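Here's the structure we're looking at; comments come further down.
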Amino acid sequence: DAVAAAAAGEEGGAGVSAAQAAAEAEVARLARELEEAEEEKYVLAGDVEELQAELEEAHQHEKEYYEAKEELEAKVAHLLSDREILEAQLSSAEQRAHALQREIE
């Protein structure tokens, strides 16, 4: 019985050693995965910062585009208004010219 108990104790010790080695290997694997995940997190954080900067730049360009568009639309409206005024003045001048022509004849 003493020999069997000693053999069982040795087998139990070997089992504990194997379990400990497996646990240590799992801890090492998880540590590598964590390190890789942290590296990826930093890479992704850099990507996010870059994309945010690009988005801000795009918003600035969009703002400048709409400001320029509004400015051009205002200029076009002013030019159309000026054209209407000039057309009215031209029509009035043509009527006076025709009236003067009739007086001369």
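Observations
- Qualifying residue in the stretch 4-27 (condition: at pLDDT below 95, assigned to a helix (DSSP H, G or I), loosely packed, with under 10 Cβ neighbours inside 10 Å and not hydroxyl-bearing (Ser, Thr, Tyr)): yes
- Among the candidates ASP47, ASP82, residue that is modelled with pLDDT of 95 or more, open to solvent by less than 60 Å² (accessible area, probe 1.4 Å), among the acidic types (Asp, Glu) and within 47 Å of the chain's Cα centre (by Cα): ASP82
The values are calculated or read from the model by the stated rules, or taken from the named source; none is laboratory data. Given the structure is predicted, the values throughout are model-derived calculations rather than measurements. All Cβ positions, even for glycine, are placed from backbone atoms using ideal geometry, and neighbour counts span all protein chains on display. To get the accessible areas, we keep the full protein, side chains included, count just its heavy atoms, and leave off ligands, DNA and RNA. Shrake-Rupley method; radii C 1.70, N 1.55, O 1.52, S 1.80 Å.
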